[in-house]
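Visitor: Have a look at this one.
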Amino acid sequence: MSVDAPVRAMALETIGMTKIFGSFTALGDVSMKVEAGSFHALLGENGAGKSTLVKSIMGYYHADRGSLLLDRQETLIRNPRDARAHGLGMVYQHFTLVPCLTGAENLVISRADAPGVIDWTKEKKSLDAFLDRMPFRAPLDVPVASLAAGEKQKLEILKLLYLDQRLLILDEPTSVLTPQEADEILGLLKGMTDRKEISVVMITHKFREVTSFADSLTVLRRGRRVGGGNVAEMSTDDMARMMIGDTQVRDRAKRAERPAGKTTLDLAGLMADDDEGLPVLAAVNLKVSAGEIVGIAGVSGNGQSQLVEVLSGQRPLKDGRIFIRDAPFEPTRDAYYRMKVFGLPEEPLKNATVPRMSVAENMAFRNFDKPPNAKLGWWLSPGPMRAKARELIARYQVKTQSPDSPIGDLSGGNVQRAVLARELSGDVDVLIVANPCFGLDFASVAEIRSQIMEQRNKGAAVLLISEDLDEVLELADRVAVMSEGKITYVAPVQETDRATIGMHMAGHH
């Protein structure tokens, strides 16, 4: 960009923005300033008000109070079409492209003035000229469904630039990307902000991305702005403190030094199909020893969810065997109990509880038919069940009005704690955990990671499947990478690094 080139990037400011739903103030008097040509990070835990703020900017919600300034002019955005007309664009967490159409078709039909009959010779010439001006490209001549996640994300961003949006709001843009893809895309956008071609507001929970790419930040907590400023003047500890306030956070999980135990969990050549009958696990081989955490890293959609389903008995195994202490294991309730196998699946409210049943009943799922909860295997005694639940609620700090409250009324972090309390309250030989901290607040994350580490320290074999690479690197003794349904890389955590893991996650091996 030449020195005399005009600044295309847009300045944005919210002043006292407030949004109330019934008796709940989702956003209270939030002011945020994004300079033209800056890369601004919006931080906050789940429920802090980040989505409400950007939806109010984009016209999905109408703020009850407050105003929006674009290039220092007060602007009324009545709906998303208005936002687009004023040069505001948003890249959502989930892709919005039409999978069966090509990239070119997706771009052309996204225009407000898209013709009824498209002259493809003319449009392709215009698209080529557009791509020549862009700092990155994506394939435009193949169906979007055939593109890798990184290419789709580039295309989502190119679509907004094609529509001449001068300020981009990115909602967790790297959640489906490998570390390398994330760094590449954010680096390209950072280059565009440095050249004052666009401004960027990025919602993220990854401090590494904030410190690497953002110029400035705003932190929200419980719907209010609690801090912000220049990223260069802040440490990640400062950012974390603003996000969580004075909530007491448990110390990081302490790893006890212990010699490697015998193999406890052995996955031998596991093969399974997806719901369409196509292979989704391709000869998965992995061993986990007593007193060891093996963390499986990988970009979402490479077979991790199906592996968890196989291990929990929710998906049939086509071939291969599971062994626990050299004995064949079939994932049935009885075998789980006998072989001391416990688990925390993804989305426990959906996969590990009955939401309308009470906290006490959910906590008793593992042993409701065993004494003292039952006599003769069928006569249930609610008294001992409730007493045990009270003890677990206190020990695991589950915030609930009473043991008789429906578990579906609890917050995500408290559902997670309640399920962990149930799964970890006895002797554990094998623990299988999937994305245990997704969407949880800092205090719950620290507590849950510590509970997992304590089981490892007591001698359990822990298989951790997580899309959060930082979580894997913090907890695991060994890291395994899953790509296209196979384990493609295994290494002790101290002998590998983020770049190597990311390369294998991307399928370069």
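Visitor: Can you go through A461, A434 and tell me which one is surrounded by 23 or more Cβ atoms within 10 Å (Cβ to Cβ), hydrophobic (A, V, I, L, M, F, W, C), more than 14 Å from P345 (Cβ to Cβ) and assigned by TED's automatic domain parsing to the domain that holds G313?
Guide: Among A461, A434, only A461 is surrounded by 23 or more Cβ atoms within 10 Å (Cβ to Cβ), hydrophobic (A, V, I, L, M, F, W, C), more than 14 Å from P345 (Cβ to Cβ) and assigned by TED's automatic domain parsing to the domain that holds G313.
Visitor: Shifting gears a bit: Touching a strand residue (DSSP E or B) at 6+ places or on another chain (Cβ under 9 Å), outside any helix (DSSP H, G or I) and of a type in the set (D, E): does that describe D141? Show your work before the answer.
Guide: Details: touching a strand residue (DSSP E or B) at 6+ places or on another chain (Cβ under 9 Å): yes; outside any helix (DSSP H, G or I): yes; of a type in the set (D, E): yes.
In short, yes.
Visitor: Suppose the filter is outside any helix (DSSP H, G or I), surrounded by 12 or more Cβ atoms within 10 Å (Cβ to Cβ) and either modelled with pLDDT under 90 or not assigned by TED's automatic domain parsing to the domain that holds E484 (or both); does P99 pass it? Full working, then the answer.
Guide: On the way: outside any helix (DSSP H, G or I): yes; surrounded by 12 or more Cβ atoms within 10 Å (Cβ to Cβ): yes; either modelled with pLDDT under 90 or not assigned by TED's automatic domain parsing to the domain that holds E484 (or both): yes.
Against the criterion (outside any helix (DSSP H, G or I), surrounded by 12 or more Cβ atoms within 10 Å (Cβ to Cβ) and either modelled with pLDDT under 90 or not assigned by TED's automatic domain parsing to the domain that holds E484 (or both)), P99 qualifies.
Visitor: Quick one: K287 ticks every box in (1) basic (K, R); (2) within 18 Å of D429 (Cβ to Cβ); (3) in a loop (DSSP other than H, G, I, E, B) except a single one, so which number is it?
Guide: (3)
Visitor: Let me ask something else about it. On the given criteria, is A240 at pLDDT below 80, out of contact with any Ser or Thr (no Cβ under 7 Å at 6 or more places or on another chain), assigned by TED's automatic domain parsing to the domain that holds S56 and part of a helix (DSSP H, G or I)? Steps first, please.
Guide: Numbers: at pLDDT below 80: yes; out of contact with any Ser or Thr (no Cβ under 7 Å at 6 or more places or on another chain): yes; assigned by TED's automatic domain parsing to the domain that holds S56: yes; part of a helix (DSSP H, G or I): yes.
In short, yes.
Visitor: If I ask for residues that are modelled with pLDDT of 95 or more and of a type in the set (S, T, Y), which ones from the range 20-38 would you list?
Guide: S31, S38
Visitor: Considering only the range 378-397, state which residues are modelled with pLDDT of 85 or more and either in a loop (DSSP other than H, G, I, E, B) or in contact with an Asp or Glu (Cβ under 9 Å, 6 or more places away or on another chain) (or both).
Guide: Residues satisfying the conditions are R386, A389.
Visitor: Quick one: in the range 102-137, of everything that is closer than 22 Å to L189 by Cα, assigned to a loop (DSSP other than H, G, I, E, B) and not charged (D, E, K, R), which residue is nearest to the chain's Cα centre (by Cα)?
Guide: Looking at the filtered set, the residue picked out is F136.
Visitor: If we scan the range 153-167, do we find a residue that is modelled with pLDDT of 90 or more and farther than 22 Å from Y92 by Cα?
Guide: No - not one qualifying residue is present in the range 153-167.
Visitor: If you don't mind, another one. Would you call A48 under 26 Å from T204 (Cα atoms) and touching a residue at least 60 places away in the same chain (Cβ under 8 Å)?
Guide: Numbers: under 26 Å from T204 (Cα atoms): yes; touching a residue at least 60 places away in the same chain (Cβ under 8 Å): yes.
Spelling it out, A48 is indeed under 26 Å from T204 (Cα atoms) and touching a residue at least 60 places away in the same chain (Cβ under 8 Å).
Visitor: Here are the criteria: (1) in a strand (DSSP E or B); (2) among the β-branched types (V, I, T); (3) touching a helix residue (DSSP H, G or I) at 6+ places or on another chain (Cβ under 8 Å). Tell me which single one T400 does not satisfy.
Guide: Of the numbered conditions (1) in a strand (DSSP E or B); (2) among the β-branched types (V, I, T); (3) touching a helix residue (DSSP H, G or I) at 6+ places or on another chain (Cβ under 8 Å), the odd one out for T400 is (1).
Visitor: Tell me yes or no: at least one residue of the range 463-472 is within 18 Å of I293 (Cβ to Cβ), in contact with a Pro (Cβ under 6 Å, 6 or more places away or on another chain) and not acidic (D, E).
Guide: Within the range 463-472, the first condition is being within 18 Å of I293 (Cβ to Cβ), and the residues that meet it are 463-472.
Checking the rest, the ones that are also in contact with a Pro (Cβ under 6 Å, 6 or more places away or on another chain) come to none.
Within the range 463-472 (the criterion being within 18 Å of I293 (Cβ to Cβ), in contact with a Pro (Cβ under 6 Å, 6 or more places away or on another chain) and not acidic (D, E)), the answer is no, since none of the residues qualifies.
Visitor: Let me ask you something else. Which condition number does L88 fail, the rest of (1) within 28 Å of the chain's Cα centre (by Cα); (2) surrounded by fewer than 20 Cβ atoms within 10 Å (Cβ to Cβ); (3) closer than 13 Å to L163 by Cα being met?
Guide: Exception for L88: condition (2).
Visitor: Which pairs do you get when a residue that is closer than 18 Å to E181 by Cβ, found in the range 136-151, comes within reach of a residue that is small (G, A, S) and assigned to a helix (DSSP H, G or I), reach meaning Cβ atoms under 7 angstrom, with the pair 6+ apart or on two chains?
Guide: A138/G103; P139/G103; V144/G103
Visitor: Continuing with this model, one more query. Tell me, please, whether a residue that is touching a Leu at 6+ places or on another chain (Cβ under 7 Å) and not in a strand (DSSP E or B) can be found in the range 324-341.
Guide: Just the residues of the range 324-341 that are touching a Leu at 6+ places or on another chain (Cβ under 7 Å), to begin with: 324, 331.
Retained after the next criterion (residues that are not in a strand (DSSP E or B)): 331.
Yes, there is a match, as at least one residue in the range 324-341 is touching a Leu at 6+ places or on another chain (Cβ under 7 Å) and not in a strand (DSSP E or B).
Visitor: Can you tell which of S444, S466 is assigned by TED's automatic domain parsing to the domain that holds I501, polar (S, T, N, Q), under 21 Å from the mean Cα position of the chain (by Cα) and at pLDDT below 90?
Guide: S444
Visitor: Moving to a separate point now. Among the numbered criteria (1) surrounded by fewer than 20 Cβ atoms within 10 Å (Cβ to Cβ); (2) over 23 Å from D468 (Cα atoms), which single criterion is violated by G187?
Guide: (2)
Visitor: Can I ask one more? Can you give me the number of residues within the range 208-222 that are crowded, with 20+ Cβ neighbours inside 10 Å and either out of contact with any Asp or Glu (no Cβ under 9 Å at 6 or more places or on another chain) or in the same structural domain as D470 (by TED's automatic domain parsing) (or both)?
Guide: Within the range 208-222, residues that are crowded, with 20+ Cβ neighbours inside 10 Å and either out of contact with any Asp or Glu (no Cβ under 9 Å at 6 or more places or on another chain) or in the same structural domain as D470 (by TED's automatic domain parsing) (or both) number 5.
Visitor: Count, please, the residues in the range 403-416 that happen to be modelled with pLDDT of 85 or more and over 12 Å from T353 (Cβ atoms).
Guide: 3
Visitor: Something else now. Would you confirm, using the coordinates I've provided, whether S466 is among the hydroxyl-bearing types (S, T, Y) and crowded, with 21+ Cβ neighbours inside 10 Å?
Guide: yes
Visitor: Picking from V284, V299, which residue would you name as being among the β-branched types (V, I, T), under 27 Å from the mean Cα position of the chain (by Cα), modelled with pLDDT of 85 or more and surrounded by 13 or more Cβ atoms within 10 Å (Cβ to Cβ)?
Guide: V284
Visitor: Being within 25 Å of the chain's Cα centre (by Cα) and either surrounded by 13 or more Cβ atoms within 10 Å (Cβ to Cβ) or in contact (Cβ under 8 Å) with a residue 60 or more places away in the chain (or both): is that true of L317 here? Don't jump to the end; show me each part of the working.
Guide: Details: within 25 Å of the chain's Cα centre (by Cα): no; either surrounded by 13 or more Cβ atoms within 10 Å (Cβ to Cβ) or in contact (Cβ under 8 Å) with a residue 60 or more places away in the chain (or both): yes.
Answer is no for this residue.
The values are calculated or read from the model by the stated rules, or taken from the named source; none is laboratory data. Fair warning: this is a prediction, and the values are worked out from it, not measured in the lab. Backbone-built Cβ (ideal geometry, glycine too); neighbour counts: all protein chains shown.
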